[in-house]
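Worksheet: one structure, shown below.
The values are calculated or read from the model by the stated rules, or taken from the named source; none is laboratory data. These numbers come from a predicted model, not from an experiment. With ideal geometry, Cβ positions are generated from the backbone for all residues, glycine too; neighbour counts draw on all protein chains shown. The accessibility values were calculated without ligands, DNA or RNA, using every heavy atom of the protein model including side chains. Shrake-Rupley method; radii C 1.70, N 1.55, O 1.52, S 1.80 Å.
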Amino acid sequence: MIEPTLNYVLCPGPAAAPVSAGAAPAPAQQHRMAYWEWNATGDPAHPHVIVCVHGLSRQGRDFDTLAAELARHARVVCPDVVGRGRSDWLADPMGYQIPQYAADMLSLVARLHQQAPISTLDWVGTSMGGLIGMGIAGQPGLPLPVPVRRMVLNDVGPVIQWQALQRIGQYLGQMARFESVEQAAQAMWAISTSFGPHTEAQWLDLSRAMVRPLPDGGVTLHYDPQIAVPFKTLTQDSAAAGEAALWHLYDHITARTLLLRGAQSDLLSRDTAQAMTQRGPRAHVVEFEGVGHAPTLVAADQVAAVTGFLLAAEGAAAE
(Lines give C-alpha, C1' and ligand atoms only; values in the text may rest on other atoms or scores of the structure.)
Protein backbone atom coordinates (compact mmCIF):
# COMPACT_ATOMS: atom_id res chain seq x y z
CA MET A 1 0.00 0.00 0.00
CA ILE A 2 1.21 3.51 -0.74
CA GLU A 3 2.01 5.73 2.22
CA PRO A 4 0.72 9.26 2.80
CA THR A 5 2.84 12.35 3.25
CA LEU A 6 2.51 14.46 6.40
CA ASN A 7 2.03 18.19 5.84
CA TYR A 8 1.01 21.24 7.87
CA VAL A 9 -1.05 24.35 7.25
CA LEU A 10 -1.08 27.45 9.47
CA CYS A 11 -4.52 28.47 10.72
CA PRO A 12 -5.71 31.53 12.68
CA GLY A 13 -5.99 31.14 16.46
CA PRO A 14 -3.28 30.80 19.12
CA ALA A 15 -1.83 27.39 19.94
CA ALA A 16 -1.07 26.02 23.38
CA ALA A 17 2.53 25.31 24.30
CA PRO A 18 3.87 22.19 22.52
CA VAL A 19 3.20 18.92 24.32
CA SER A 20 6.35 17.18 23.08
CA ALA A 21 9.67 18.26 24.52
CA GLY A 22 11.76 20.12 21.99
CA ALA A 23 8.87 20.81 19.60
CA ALA A 24 8.87 24.29 18.11
CA PRO A 25 6.05 26.60 19.19
CA ALA A 26 3.61 27.80 16.54
CA PRO A 27 3.84 31.37 15.24
CA ALA A 28 2.02 33.97 17.34
CA GLN A 29 -1.77 33.84 17.06
CA GLN A 30 -1.63 30.79 14.81
CA HIS A 31 -1.77 27.02 15.12
CA ARG A 32 -0.61 24.25 12.81
CA MET A 33 -3.07 21.72 11.47
CA ALA A 34 -1.51 18.50 10.23
CA TYR A 35 -2.87 16.71 7.20
CA TRP A 36 -2.05 13.46 5.48
CA GLU A 37 -2.04 13.51 1.68
CA TRP A 38 -2.49 10.42 -0.48
CA ASN A 39 -1.87 10.57 -4.22
CA ALA A 40 -1.25 7.62 -6.51
CA THR A 41 -2.54 9.32 -9.66
CA GLY A 42 0.93 10.07 -11.01
CA ASP A 43 0.01 13.77 -11.07
CA PRO A 44 1.01 15.72 -7.94
CA ALA A 45 -1.21 18.56 -9.16
CA HIS A 46 -4.27 16.41 -9.80
CA PRO A 47 -7.29 18.77 -9.88
CA HIS A 48 -9.69 16.42 -8.06
CA VAL A 49 -9.36 16.75 -4.28
CA ILE A 50 -11.24 14.63 -1.72
CA VAL A 51 -11.11 15.88 1.88
CA CYS A 52 -11.79 13.22 4.54
CA VAL A 53 -12.47 14.47 8.07
CA HIS A 54 -12.63 12.22 11.14
CA GLY A 55 -14.81 12.00 14.24
CA LEU A 56 -14.62 13.76 17.61
CA SER A 57 -11.70 12.00 19.30
CA ARG A 58 -10.13 10.36 16.24
CA GLN A 59 -7.49 11.51 13.68
CA GLY A 60 -6.79 11.51 9.94
CA ARG A 61 -5.19 8.07 9.68
CA ASP A 62 -8.63 6.57 10.29
CA PHE A 63 -9.12 6.88 6.53
CA ASP A 64 -6.07 4.87 5.43
CA THR A 65 -8.03 2.03 3.84
CA LEU A 66 -10.46 4.31 2.01
CA ALA A 67 -7.78 6.84 1.04
CA ALA A 68 -5.58 4.17 -0.52
CA GLU A 69 -8.47 3.24 -2.82
CA LEU A 70 -9.44 6.79 -3.71
CA ALA A 71 -5.83 7.94 -4.19
CA ARG A 72 -5.60 6.20 -7.55
CA HIS A 73 -8.12 8.73 -8.85
CA ALA A 74 -7.61 11.93 -6.82
CA ARG A 75 -5.56 13.83 -4.25
CA VAL A 76 -6.96 12.59 -0.94
CA VAL A 77 -6.37 14.83 2.06
CA CYS A 78 -7.06 13.63 5.61
CA PRO A 79 -6.50 16.33 8.24
CA ASP A 80 -5.90 15.81 11.93
CA VAL A 81 -8.45 18.29 13.27
CA VAL A 82 -6.79 20.73 15.68
CA GLY A 83 -6.18 19.17 19.09
CA ARG A 84 -5.84 15.69 17.59
CA GLY A 85 -3.04 13.60 16.13
CA ARG A 86 -0.09 15.61 14.85
CA SER A 87 -1.88 18.97 14.97
CA ASP A 88 -1.24 21.65 17.58
CA TRP A 89 -3.45 21.99 20.63
CA LEU A 90 -5.39 25.24 21.14
CA ALA A 91 -4.59 27.76 23.85
CA ASP A 92 -8.30 28.28 24.50
CA PRO A 93 -10.20 25.00 24.85
CA MET A 94 -13.49 26.71 23.98
CA GLY A 95 -12.10 26.93 20.45
CA TYR A 96 -12.71 23.19 20.09
CA GLN A 97 -15.99 23.72 18.26
CA ILE A 98 -17.33 23.54 14.72
CA PRO A 99 -16.74 27.23 13.76
CA GLN A 100 -12.98 26.93 14.46
CA TYR A 101 -12.78 23.58 12.72
CA ALA A 102 -14.58 24.91 9.63
CA ALA A 103 -12.30 27.96 9.51
CA ASP A 104 -9.28 25.65 9.65
CA MET A 105 -10.66 23.62 6.73
CA LEU A 106 -11.02 26.79 4.68
CA SER A 107 -7.33 27.49 5.36
CA LEU A 108 -6.51 23.94 4.28
CA VAL A 109 -8.48 24.08 1.03
CA ALA A 110 -6.97 27.48 0.21
CA ARG A 111 -3.49 26.03 0.75
CA LEU A 112 -4.24 23.02 -1.47
CA HIS A 113 -5.65 25.26 -4.20
CA GLN A 114 -2.55 27.47 -4.02
CA GLN A 115 -0.36 24.41 -4.47
CA ALA A 116 -2.35 23.12 -7.47
CA PRO A 117 -5.69 24.48 -8.76
CA ILE A 118 -8.70 22.46 -7.60
CA SER A 119 -11.41 21.85 -10.19
CA THR A 120 -13.39 19.19 -8.28
CA LEU A 121 -13.84 19.18 -4.50
CA ASP A 122 -15.50 16.30 -2.62
CA TRP A 123 -15.97 15.73 1.12
CA VAL A 124 -16.15 12.65 3.34
CA GLY A 125 -17.04 13.38 6.96
CA THR A 126 -17.44 10.90 9.80
CA SER A 127 -19.60 12.16 12.67
CA MET A 128 -17.94 15.47 13.67
CA GLY A 129 -16.26 15.55 10.26
CA GLY A 130 -19.70 15.47 8.68
CA LEU A 131 -20.88 18.39 10.80
CA ILE A 132 -17.80 20.34 9.70
CA GLY A 133 -18.66 19.45 6.11
CA MET A 134 -22.20 20.73 6.58
CA GLY A 135 -20.70 23.99 7.82
CA ILE A 136 -18.48 24.21 4.75
CA ALA A 137 -21.02 23.14 2.11
CA GLY A 138 -24.11 24.68 3.70
CA GLN A 139 -22.94 28.29 3.77
CA PRO A 140 -23.04 29.88 0.31
CA GLY A 141 -20.40 32.51 -0.23
CA LEU A 142 -17.55 30.93 1.71
CA PRO A 143 -14.15 31.40 0.03
CA LEU A 144 -13.91 27.99 -1.59
CA PRO A 145 -12.13 27.60 -4.95
CA VAL A 146 -15.09 25.54 -6.19
CA PRO A 147 -18.29 24.38 -4.46
CA VAL A 148 -18.32 20.96 -2.83
CA ARG A 149 -19.51 18.62 -5.59
CA ARG A 150 -20.27 15.41 -3.67
CA MET A 151 -20.52 14.88 0.05
CA VAL A 152 -20.52 11.72 2.16
CA LEU A 153 -22.02 12.16 5.64
CA ASN A 154 -21.00 9.17 7.74
CA ASP A 155 -23.57 8.48 10.46
CA VAL A 156 -24.40 12.08 11.27
CA GLY A 157 -27.14 14.57 10.54
CA PRO A 158 -28.75 17.72 11.93
CA VAL A 159 -30.39 15.84 14.82
CA ILE A 160 -27.99 14.11 17.22
CA GLN A 161 -29.55 11.83 19.80
CA TRP A 162 -28.97 13.08 23.34
CA GLN A 163 -28.31 9.58 24.66
CA ALA A 164 -25.39 9.23 22.26
CA LEU A 165 -23.90 12.52 23.43
CA GLN A 166 -24.19 11.32 27.02
CA ARG A 167 -22.43 8.07 26.11
CA ILE A 168 -19.57 9.90 24.40
CA GLY A 169 -19.26 12.32 27.31
CA GLN A 170 -18.54 9.44 29.68
CA TYR A 171 -15.17 8.74 28.07
CA LEU A 172 -14.17 11.91 26.20
CA GLY A 173 -11.11 13.50 27.79
CA GLN A 174 -10.46 10.58 30.13
CA MET A 175 -6.78 10.12 29.46
CA ALA A 176 -4.82 7.10 30.65
CA ARG A 177 -1.35 5.65 30.40
CA PHE A 178 -0.94 2.34 28.60
CA GLU A 179 2.04 0.03 28.51
CA SER A 180 1.74 -0.55 24.76
CA VAL A 181 -0.26 0.21 21.64
CA GLU A 182 -1.88 -3.21 22.01
CA GLN A 183 -3.08 -2.42 25.53
CA ALA A 184 -4.41 0.96 24.35
CA ALA A 185 -6.20 -0.73 21.45
CA GLN A 186 -7.94 -3.09 23.85
CA ALA A 187 -9.10 -0.20 26.02
CA MET A 188 -10.37 1.75 23.00
CA TRP A 189 -12.22 -1.30 21.72
CA ALA A 190 -14.12 -1.50 25.00
CA ILE A 191 -15.76 1.86 24.20
CA SER A 192 -15.88 1.39 20.42
CA THR A 193 -17.68 -1.91 19.87
CA SER A 194 -20.47 0.05 18.15
CA PHE A 195 -18.04 0.54 15.24
CA GLY A 196 -19.01 -2.97 14.16
CA PRO A 197 -17.02 -6.15 13.48
CA HIS A 198 -13.26 -5.77 12.95
CA THR A 199 -10.45 -8.27 12.91
CA GLU A 200 -7.78 -7.84 15.56
CA ALA A 201 -5.37 -6.65 12.85
CA GLN A 202 -7.86 -4.10 11.50
CA TRP A 203 -8.49 -2.64 14.94
CA LEU A 204 -4.79 -2.49 15.75
CA ASP A 205 -4.18 -0.62 12.49
CA LEU A 206 -6.92 1.86 13.42
CA SER A 207 -5.39 2.27 16.88
CA ARG A 208 -1.72 2.92 16.09
CA ALA A 209 -2.16 6.60 15.21
CA MET A 210 -4.50 7.09 18.17
CA VAL A 211 -1.63 7.07 20.68
CA ARG A 212 1.52 9.07 21.30
CA PRO A 213 4.61 8.01 23.27
CA LEU A 214 5.23 9.15 26.82
CA PRO A 215 8.70 9.87 28.21
CA ASP A 216 8.50 6.81 30.47
CA GLY A 217 8.03 4.42 27.56
CA GLY A 218 4.27 4.09 27.79
CA VAL A 219 1.67 5.61 25.49
CA THR A 220 -1.42 7.77 25.90
CA LEU A 221 -4.21 8.92 23.63
CA HIS A 222 -3.20 11.30 20.85
CA TYR A 223 -5.58 14.17 21.53
CA ASP A 224 -5.90 17.16 23.85
CA PRO A 225 -8.12 16.16 26.77
CA GLN A 226 -9.40 19.74 26.72
CA ILE A 227 -11.49 18.94 23.64
CA ALA A 228 -13.99 17.73 26.26
CA VAL A 229 -14.40 21.22 27.77
CA PRO A 230 -16.92 22.69 25.30
CA PHE A 231 -18.53 19.26 24.86
CA LYS A 232 -19.32 19.13 28.57
CA THR A 233 -21.12 22.50 28.40
CA LEU A 234 -23.80 20.92 26.19
CA THR A 235 -27.23 20.49 27.70
CA GLN A 236 -30.21 18.71 26.24
CA ASP A 237 -31.84 22.10 25.64
CA SER A 238 -28.78 23.62 23.94
CA ALA A 239 -28.35 20.53 21.77
CA ALA A 240 -31.99 20.74 20.70
CA ALA A 241 -31.61 24.47 19.99
CA GLY A 242 -28.67 23.71 17.70
CA GLU A 243 -30.79 21.45 15.52
CA ALA A 244 -32.46 24.37 13.76
CA ALA A 245 -29.08 25.83 12.78
CA LEU A 246 -27.87 22.45 11.52
CA TRP A 247 -31.03 21.90 9.48
CA HIS A 248 -30.51 25.38 8.00
CA LEU A 249 -27.01 24.37 6.91
CA TYR A 250 -28.20 21.03 5.57
CA ASP A 251 -31.00 22.64 3.56
CA HIS A 252 -28.47 24.88 1.80
CA ILE A 253 -26.18 22.05 0.67
CA THR A 254 -26.10 21.78 -3.11
CA ALA A 255 -23.62 18.91 -3.25
CA ARG A 256 -24.99 15.51 -4.19
CA THR A 257 -25.07 13.75 -0.85
CA LEU A 258 -24.66 10.17 0.33
CA LEU A 259 -25.69 9.43 3.91
CA LEU A 260 -24.16 6.35 5.52
CA ARG A 261 -25.85 4.96 8.61
CA GLY A 262 -24.97 2.18 10.99
CA ALA A 263 -28.24 0.29 11.30
CA GLN A 264 -27.75 0.17 15.08
CA SER A 265 -26.57 3.78 15.40
CA ASP A 266 -27.54 5.54 18.62
CA LEU A 267 -26.47 8.93 17.24
CA LEU A 268 -28.28 9.15 13.90
CA SER A 269 -31.86 7.89 14.14
CA ARG A 270 -33.65 6.24 11.25
CA ASP A 271 -36.27 9.01 11.40
CA THR A 272 -33.60 11.70 10.97
CA ALA A 273 -32.01 9.78 8.09
CA GLN A 274 -35.43 9.51 6.42
CA ALA A 275 -36.02 13.26 6.86
CA MET A 276 -32.64 13.92 5.22
CA THR A 277 -33.84 12.12 2.10
CA GLN A 278 -36.79 14.51 1.81
CA ARG A 279 -35.18 17.94 2.17
CA GLY A 280 -32.02 19.86 1.33
CA PRO A 281 -29.80 17.77 -0.96
CA ARG A 282 -32.17 14.78 -0.53
CA ALA A 283 -29.45 12.40 0.54
CA HIS A 284 -29.32 8.84 -0.69
CA VAL A 285 -29.06 6.55 2.35
CA VAL A 286 -27.02 3.35 2.67
CA GLU A 287 -27.32 1.37 5.90
CA PHE A 288 -24.86 -1.19 7.24
CA GLU A 289 -26.25 -3.99 9.38
CA GLY A 290 -24.36 -5.01 12.50
CA VAL A 291 -22.82 -1.54 12.83
CA GLY A 292 -23.69 1.32 15.18
CA HIS A 293 -21.97 4.68 15.44
CA ALA A 294 -20.00 4.93 13.29
CA PRO A 295 -18.92 2.86 10.28
CA THR A 296 -15.11 2.98 10.12
CA LEU A 297 -14.95 2.74 6.31
CA VAL A 298 -12.59 -0.22 6.55
CA ALA A 299 -14.94 -3.05 5.58
CA ALA A 300 -15.10 -3.77 1.85
CA ASP A 301 -18.81 -2.96 1.49
CA GLN A 302 -18.36 0.40 3.24
CA VAL A 303 -15.36 1.33 1.09
CA ALA A 304 -17.25 0.30 -2.05
CA ALA A 305 -20.23 2.47 -1.15
CA VAL A 306 -18.06 5.56 -0.81
CA THR A 307 -15.76 4.97 -3.78
CA GLY A 308 -18.69 4.06 -6.01
CA PHE A 309 -20.45 7.29 -5.11
CA LEU A 310 -17.46 9.64 -5.36
CA LEU A 311 -15.94 8.14 -8.51
CA ALA A 312 -19.11 7.56 -10.55
CA ALA A 313 -19.42 9.56 -13.73
CA GLU A 314 -21.55 12.70 -13.56
CA GLY A 315 -25.19 11.75 -13.64
CA ALA A 316 -24.41 8.20 -12.51
CA ALA A 317 -23.93 8.75 -8.77
CA ALA A 318 -26.53 7.44 -6.37
CA GLU A 319 -29.82 9.28 -6.54
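Brief remarks on what is shown
- Taken one residue at a time, the phi angles of the range 51-66 give Karplus couplings (6.51, -1.76, 1.60, θ = phi - 60°) of 9, 10, 10, 7, x, 3, 10, 9, 7, x, 6, 4, 9, 3, 5, 5 Hz. Gly and Pro are set to x.
- Measuring r between the beta carbons of residue 30 and residue 245 and using R0 = 25 Å, the FRET efficiency lands at 0.35.
- Sequence-distant contacts, meaning Cα pairs under 8 Å at least 6 residues apart, place the relative contact order of the chain at 18 percent.
- Between residue 189 and residue 277, the contour length at 0.36 nm per residue exceeds the alpha carbon distance by 28.5 nm.
- 3J(HN,Hα) couplings calculated from phi for the range 24-39 with the Karplus curve 6.51 cos²θ - 1.76 cosθ + 1.60 (θ = phi - 60°) are, in sequence order, 6, x, 6, x, 4, 6, 9, 9, 9, 9, 7, 8, 9, 10, 10, 7 Hz; Gly and Pro show x.
- Prolate/oblate/rounded call for the chain, Cα gyration tensor, a/c under 1.5 rounded: rounded
- Amide proton proximity set for residue 15, modelled H, under 5 Å, gap of 5+: 29, 30, 91
- Other-chain or far-sequence residues with amide H under 5 Å of residue 266's (modelled H): 293
- Cα-centred dipole magnitude for the chain, charges only on beta-carbon of K, R (+1) and D, E (-1), debye, nearest 20: 440 debye
- Theoretical ellipticity at 222 nm over the chain - DSSP helices of four or more residues, -39500 (n - 2.57) apiece, nearest 500: -9500 deg cm²/dmol
- Under 5 Å, built H, 5+ apart or other chain: amide partners of residue 51: 77, 122, 123, 124
- Virtual spin-label span in nm between residue 304 and residue 174, 7 Å along Cα→Cβ: 3.8 nm
- Solvent exposure of the range 195-291, expressed per residue, is 49 Å² of accessible area, with all protein chains present and a 1.4 angstrom probe.
- With every protein chain in place, the range 26-166: carbon and sulfur % of accessible area (1.4 Å): 53 percent
- Unit Cα scatterers, Debye sum, the range 254-319: log10 I(q)/I(0) for q = 0.13, 0.21, 0.25 Å⁻¹: -0.36, -0.89, -1.14
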